[in-house]
Amino acid sequence: MGMTPLAVVGGTPHDTDRYSNWLEGRLAEISPLLVTNTIWSDAVMREVFGHPWLSQTYASLPLGAAVPVLTNEIKTYLAASVLDDRKADAHWFQRRIPVIRYLVEEGADLLRHFEATCLADIPHPGFAPSDNAGARKSNQHSDAVLALYAAWYGTNYGQRRQSQTRQWIRDGEIVTTQYRSPEIQLFGDIHRFAIINRAQMAPMHDRDIILLNDLYSEDDTRFRDRQRLNDTYISLLNFEPWLRPLMRGFLLDKVAHGELAPATMVTLISRLRLFARFLCEQEIAAAGQINEPLMERYLAWGNTRHTAGKNWYTDIVQLLRAAPVLLPGQWPRIALDKRAARRIRYKQAPDDPRNRLYASREGANRAAPPEALAAMVARLDELPAPIPAIFMIGITTGARAEDLHALLFDCLRPDPHDKRFMLFTFWQNKVSRWNTKPLLATDPAHRTMIELIEAQQHRIRARYGHATKYLFPVFYGKRESFLGNNWTLQELRMLSLRHGIVDGEGNPFDFSWHPLRHHRGTQMAAEGHDILSIMFELGHASPDMASMYVNKRLDLKKNTLLRKGGGQFFTIAGKVDEAVGDLLLRKETMLATRVCGGACTLPGQLGEWCEHAHACLTCRFFRADGDDLEHFRGERAGLYVAIAGLEQEAQNYEEGGQTRLADIARKRLQRNKDAVHNTDTIVRSIEEHGHYKGEKQRYKPASAREDAKS
């Protein structure tokens, strides 16, 4: 079959002929030899691809099927695979020889069975509209197609393994799933490839299957490495035809404006499918039927199903607001009240008689239970490497699951400014920024983490002979990627189930990675870290978000009261402010944050640099921590030295006739005198064992605080 120029493809009258010609054009772009030869010999492979290793497995295998378009589909699949560095493995191609043989020998009968003109025409469950339950089985191939291939495979290759079982953990129980063996599933690979590849014929604004490689670049960190086996795509075929133009336009518009990252694309599409399911249940089949009352019904529909979060509603509000702009004249402009989102009912315990606000903000505890984590740590040596190292680093840092598994090989380096520290640096993909955590070599937990990382680096060098890109690498062909967190998750869940590990309430512990972040945030709060420190540690953009990761708040407030003895924070006038400890833990107002020597209660300064830097000791918003007595003694000694120096400096300027500089020195001198006066007041108030001679005594001496703890 001769090559058809791409410019003529659009004029081909029959869709199948047009598709076949387009495939030939794709092959001809690589080399005309791929079009004219039905057997890709050693000479062809050397000339086209520069290496002969494919011909070692396909040298005697004809690629010409009885149906010309099927021949082009086979060739395009193989050519794309040869050019894919993830498939640079002779074994990968050898395993697919039965698939190619079946298509060449039985392809015509297969197409007749499904009344299809090409492989891409055969239905696939991953590219069909969502079923009545809203589910889409994108990872399952057509069972009818696989059954035909399995019958042929058994006849020609003997009764090898046709199916197998897999065990995994769901809701604390072992679930056993039976599915066709990988040898049979391989046929679904070329079937899915043909469907995705044919969709690329259409221009982007009409395309129903869009490859994310066409939307994003390697500027989106880990985007390429995350695609371990195949290219990631989004399918609009799961929506009814009348919805596809809007869904496509909405997604492409958000990508164009940098509002949609690759990792969040999938979750957004799932919420769009949920809305499509609602429209199907309501028998809505046209844009003109969508109005304000319908959105009220959607809100009630989602609340009835206890849909998690609120984006399932707010994303659809964005969609319908953008609709008349993206598709003018096709979608109506409807008025949607932003306040409707307040009526979203969040999921809460059914037996909790208290209101939603309490249940979501005070009663929620998503932190992994310490007793369960301790039981798992005691048994980590049963798990294969590098799971123990990843688990321990996760507990110590609270890093997100993907960030934790995608640590770079050189994530740990000595601190050039302080030999006591090592610097642990990792990329936070969700917020697109680096996070550097200092590790103190003398701290036991930090020392353990340093040793784990160094041991893993040594293991990698011993195995590969050189440093890799990632600390926990996996290789697919020639492409290096990072270890996926699903495998480690299942191994840890099996460990928990095997040993009967339970949570704090005696229920089977269903491990997942994200509660380790809540555990770390809660642990830091219990240790006395302020909300800004927790924010920086967990890599959040605001203290408000960081506070959501501080759980067990009632226990924390009790510990705070015991630790401060009823009034640990002092104003610069020596008065006790007993509300500060509570303010440091509150999310609703966020009126206090930790600073050196105490706390700052200046509203609006959280998350920003204070414009009154280095002036805490003269600031009325500063609250001195009664447990930091030695800090204030040191500050006072330093201020006395500074005052002596400034007095001499001012005198020298006056004697030299430099009046302006003398005035500046006198002002600095006075500020330091004010600071030392306030420091004296704070120190005296703490040293007098709580006998503050002010309006009201609330501070307890150190001995009383120790008694309260015991």
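Structure summary
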read-out: Counted residues, the range 445-462 - those being more than 16 Å from Ile390 (Cβ to Cβ) and modelled with pLDDT under 90; value: 0
read-out: Unique match (being at pLDDT below 85, in contact with a Ser or Thr (Cβ under 8 Å, 6 or more places away or on another chain), open to solvent by 10 Å² or more (accessible area, probe 1.4 Å) and of a type in the set (Asp, Glu)) among Asp510, Asp530, Asp503; value: Asp530
read-out: Cβ pairs under 7 Å, 6+ apart, first in the range 622-638 and on the phi < 0 side of the Ramachandran plot, second surrounded by fewer than 15 Cβ atoms within 10 Å (Cβ to Cβ) and at pLDDT 75 or above; value: Arg636/Asp680
read-out: Residue tally, condition under 16 Å from the mean Cα position of the chain (by Cα), outside any helix (DSSP H, G or I) and of a type outside the set (A, V, I, L, M), over the range 253-275; value: 1
read-out: Single unsatisfied condition, Ile316 versus (1) under 30 Å from Arg224 (Cβ atoms); (2) out of contact with any Ser or Thr (no Cβ under 9 Å at 6 or more places or on another chain); value: (1)
read-out: The range 69-103: number of residues that are part of a loop (DSSP other than H, G, I, E, B), more than 30 Å from His14 (Cβ to Cβ) and under 33 Å from the mean Cα position of the chain (by Cα); value: 3
read-out: Any hit, the range 393-405, residues being of a type outside the set (S, T, N, Q), in contact with a strand residue (DSSP E or B) (Cβ under 7 Å, 6 or more places away or on another chain) and open to solvent by 50 Å² or more (accessible area, probe 1.4 Å); value: no
read-out: Residue satisfying all of: in the range 513-527; among the hydrophobic types (A, V, I, L, M, F, W, C) and under 24 Å from the mean Cα position of the chain (by Cα); surrounded by the most Cβ atoms within 10 Å (Cβ to Cβ) among these; value: Ala525
read-out: The range 72-83 residues that are touching a residue at least 60 places away in the same chain (Cβ under 8 Å) and of a type outside the set (S, T, N, Q), paired with ones that are outside any helix (DSSP H, G or I) and open to solvent by 10 Å² or more (accessible area, probe 1.4 Å) (beta carbon under 8 Å, 6 or more apart); value: Ile74/Ala65
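Residue by residue, here is whether (1) outside any helix (DSSP H, G or I); (2) at pLDDT 75 or above; (3) surrounded by fewer than 19 Cβ atoms within 10 Å (Cβ to Cβ) holds:
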| residue | (1), (2), (3) |
| --- | --- |
| Met1 | yes, no, yes |
| Val8 | no, no, yes |
| Asn21 | no, yes, no |
| Arg26 | no, yes, no |
| Glu47 | no, yes, yes |
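The values are calculated or read from the model by the stated rules, or taken from the named source; none is laboratory data. Just so it is clear, the model here is predicted, and its values are computed rather than measured. As a convention, Cβ positions derive from the backbone with ideal geometry for all residues, glycine included, and neighbour counts pool all protein chains shown. Just so you know, the surface numbers come from the protein's heavy atoms only, side chains and all, with ligands and any DNA or RNA stripped out. Shrake-Rupley method; radii C 1.70, N 1.55, O 1.52, S 1.80 Å.
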